[in-house]
Amino acid sequence: MAASSNNRDRILYILKTRGPQTAQVLANELDITPVGTRQHLKQLADDGLLAHFERAEKVGRPASFWQLTEKAHGRFPDRHSDLSLHLIDGVREVFGDEGLEALIAKRERNALSDYQQALAACASLAGKVKKLAELRNREGYMAQAIHQSHGVWLLVENHCPICAAATKCREFCRSELDIFRQCLPEAEVVRVDYLLEGARRCTYRITP
């Protein structure tokens, strides 16, 4: 039972971090049979955590891909979402939009100081991006640093632990982009995928 539960958790994690996958790809990742994988997929679908769709491939018949449902995304924590929403509403009510902007600015200054201190020992852009991904991963963003060609990097955040707060007030997202740009002054940082605009994750392209 424990092994089955662990495999189902791994399926959810893989789909969260990599997007839709076929049963065969998942079987290869889990190192179990396709039949066993499909049993896990059926159980997860019965629990309302997965859905599947057909995607046309270059050759042959369309392949069946599995993806997370909204219910499954909800299993990955949004840190204290109800409290965050109430606090945002309370700050706006008591101090107005200027008070909320001051609060976000204070959070930005604190985060920037922490990140810059952690990045100070990194001698290269690559080292900084990797360290930044490590820091963000610790904070619950399921972050990855992915190297592309010609020194370009992607900072990928597969989960947003403050999504409810960011949905309520997108200034949090603006602030985080500003933090990355200040942490990496030797590079251009552009958000190319945005969770709040329909993407499954946030991705930042970092170009020297």
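The values are calculated or read from the model by the stated rules, or taken from the named source; none is laboratory data. Keep in mind that this is a model prediction, so the values were computed, not measured. With ideal geometry, Cβ positions are generated from the backbone for all residues, glycine too; neighbour counts draw on all protein chains shown. The protein model used for the area step is the full one, side chains on, heavy atoms only, and it has no ligands, DNA or RNA in it. Shrake-Rupley method; radii C 1.70, N 1.55, O 1.52, S 1.80 Å.
What the table below lists for this structure:
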| item | result |
| --- | --- |
| Flag for GLU57 being part of a loop (DSSP other than H, G, I, E, B) and either at pLDDT 90 or above or open to solvent by 70 Å² or more (accessible area, probe 1.4 Å) (or both) | yes |
| Of all residues in region 191-208 being surrounded by 16 or more Cβ atoms within 10 Å (Cβ to Cβ) and outside any strand (DSSP E or B), the one that is nearest to the chain's Cα centre (by Cα) | ARG201 |
| Failed condition for CYS122, given (1) farther than 29 Å from ALA72 by Cα; (2) part of a helix (DSSP H, G or I) | (2) |
| Residue within region 122-138 that is hydroxyl-bearing (Ser, Thr, Tyr), farther than 23 Å from LEU100 by Cα and either open to solvent by 40 Å² or more (accessible area, probe 1.4 Å) or in contact (Cβ under 8 Å) with a residue 60 or more places away in the chain (or both) present | yes |
| Filtered residues of region 158-181 (kept if in contact with a helix residue (DSSP H, G or I) (Cβ under 6 Å, 6 or more places away or on another chain), open to solvent by less than 20 Å² (accessible area, probe 1.4 Å) and not hydroxyl-bearing (Ser, Thr, Tyr)) | ASN158, ALA165, ALA166, CYS169, CYS173, ILE179 |
| Enumeration of residues in region 71-119 that are under 30 Å from LEU15 (Cα atoms), at pLDDT below 90 and in a helix (DSSP H, G or I) | LYS71, ALA72, HIS73, SER81, ASP82, LEU83, SER84, LEU85 |
| Scope region 140-183; condition assigned to a loop (DSSP other than H, G, I, E, B) and within 19 Å of ARG18 (Cα to Cα); matching residues | GLY140, TYR141, MET142, GLN148, ASN158, HIS159, CYS160, PRO161 |
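Rundown of residues vs (1) open to solvent by 20 Å² or more (accessible area, probe 1.4 Å); (2) closer than 28 Å to ALA143 by Cβ; (3) of a type in the set (Val, Ile, Thr), yes/no style:
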position	(1), (2), (3)
PRO20	yes, yes, no
ASP31	yes, yes, no
THR37	no, yes, yes
LEU50	no, yes, no
